[in-house]
Each structure stands twice: as C-alpha cells, then as structure tokens.
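Here, each number is a calculation from the coordinates, and none is a lab measurement. Here the structure is a predicted model, which is why all the values come from computation and not from measurement. Please note: Cβ atoms are built from the backbone with ideal geometry, for glycine as well, and neighbour counts cover all protein chains shown.
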Amino acid sequence: MGNPNRGPVWSRRSLAAAAVVVAAGLLTGVAPAHAEAGGAGAGVTLPAPTGPHRVGTWQFHLVDTARTDPWMPGGGRAN
C-alpha cells in the first residue's frame, strides 16, 4: 500500500503524455472557426476543364423488379 499522505503520484509516462498534448495544442494554433471563413461575398470559382474528357454527372435509378419492396403496399416496386 502507498502512503496515504502523499497524494496523487504522476508517473513519468503520464507527465510526458500530458506535456505532448499541451505542446501540440500550443503549436497548432487553435483558432475559432470563423477566423478562417471568408466574408459574405466570398465565392469560389473553379478553373475551366482542360483535359480531353468531358466533365459531368450521371444519374442512375436501379430497380430490382424480381424483389419485393417491404415498404410499398402490395410489395411492388415503384419505378
């Protein structure tokens, strides 16, 4: 048993870990989120595509008609 009058004892590993956490917090320069944000009129413009491939999006609606839908009345699939 330890000495009850001694109080909490910190190990070297615990002190080193606490020092690393404090140092990391100081070195990263914790700043409020609004410090980096642009003003209300700040917009983002992207450069025009320069590659040989077309740029765009595709939208797919895949329906498995062989399976029943547990959320539709009658078990049918909504197309």
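Can you tell me which of 55-62, 16-23 comes out highest on packing, and rank the rest after it, using the mean Cβ neighbours within 10 Å?
Top to bottom by mean Cβ count within 10 Å: 16-23, 55-62.
Pull out the extension gain between residue 16 and residue 44, defined as 0.36 nm times the separation in residues minus the alpha carbon to alpha carbon distance; nm, one decimal.
Contour length minus Cα-Cα distance gives 5.7 nm.
Treat each spin label as a single point 7 Å out from the Cα along the C-beta direction, and report the residue 24 to residue 59 distance in nm.
The two pseudo-label positions are separated by 4.4 nm.
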